[in-house]
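Visitor: Below you'll find the structure I mean.
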Amino acid sequence: MEGILVNFRGGRHTKYNNHMILKVPTLTKEKAKSLIGKLVIWTSPAKKEIKGIVKNLHGNSGCLRVIFEKGMPGQSIGSKVKIM
């Protein structure tokens, strides 16, 4: 399954560079609950992989909150990830 990294997770004064919001276009909130705990892999243009885990839902539209093992670059926003 594939998803799109929408943005960093953060508030008014902070941004968490290893927390990302993930949108899967075909998911509803109920179906997204089944993906909690799954592995997410982002592949950089240099073919390096950064792994993360789906931790929780984000909002009411079926978005997911993913925590990666290290900080994500800004070029990852809008790119596709694999959900295993």
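The values are calculated or read from the model by the stated rules, or taken from the named source; none is laboratory data. Quick caveat: nothing in here was measured; it's all calculated off a predicted structure. All Cβ positions, glycine included, derive from the backbone under ideal geometry; neighbour counts span all protein chains shown.
Visitor: Out of the residues in the stretch 49-64 that are of a type in the set (G, A, S) and under 11 Å from L22 (Cβ atoms), which is surrounded by the fewest Cβ atoms within 10 Å (Cβ to Cβ)?
Guide: Per the criteria, the residue is G62.
Visitor: Within the stretch 2-13, identify whether any single residue is touching a residue at least 12 places away in the same chain (Cβ under 8 Å) and surrounded by fewer than 12 Cβ atoms within 10 Å (Cβ to Cβ), and answer yes or no.
Guide: Looking for residues that are touching a residue at least 12 places away in the same chain (Cβ under 8 Å) and surrounded by fewer than 12 Cβ atoms within 10 Å (Cβ to Cβ), one finds at least one in the stretch 2-13, hence yes.
Visitor: Follow-up. Mind listing just one residue for me: the one in the stretch 21-54 that is polar (S, T, N, Q) and not in a helix (DSSP H, G or I) and, of those, farthest from M1 (Cα to Cα)?
Guide: Going through the qualifying residues, I end up with S44.
Visitor: Could you count how many residues in the stretch 24-54 are in contact (Cβ under 8 Å) with a residue 40 or more places away in the chain and in contact with a Gly (Cβ under 6 Å, 6 or more places away or on another chain)?
Guide: 2
Visitor: Continuing with this model, one more query. Tell me which of these I83 doesn't satisfy, since it passes every other one: (1) of a type outside the set (D, E, K, R); (2) touching a helix residue (DSSP H, G or I) at 6+ places or on another chain (Cβ under 7 Å); (3) touching a residue at least 40 places away in the same chain (Cβ under 8 Å); (4) more than 13 Å from M1 (Cα to Cα).
Guide: Just one mismatch for I83, condition (4).
Visitor: I've got another one for you. Return the residues of the stretch 55-78 that are in contact with a strand residue (DSSP E or B) (Cβ under 9 Å, 6 or more places away or on another chain), part of a loop (DSSP other than H, G, I, E, B) and touching a residue at least 12 places away in the same chain (Cβ under 8 Å); say none if nothing qualifies.
Guide: Selection gives S61, G62, E69, K70, G71, M72, P73, I77, G78.
Visitor: Still on this structure, please answer the following. Output the residue which, of all residues in the stretch 21-48 that are within 14 Å of the chain's Cα centre (by Cα) and exposed (fewer than 12 other Cβ atoms within 10 Å of the Cβ), is modelled with the lowest pLDDT.
Guide: P25
Visitor: Inside the stretch 8-20, can you point out the residues that are part of a strand (DSSP E or B) and over 17 Å from I83 (Cα atoms)?
Guide: F8, R9, G10, K15, Y16, N17
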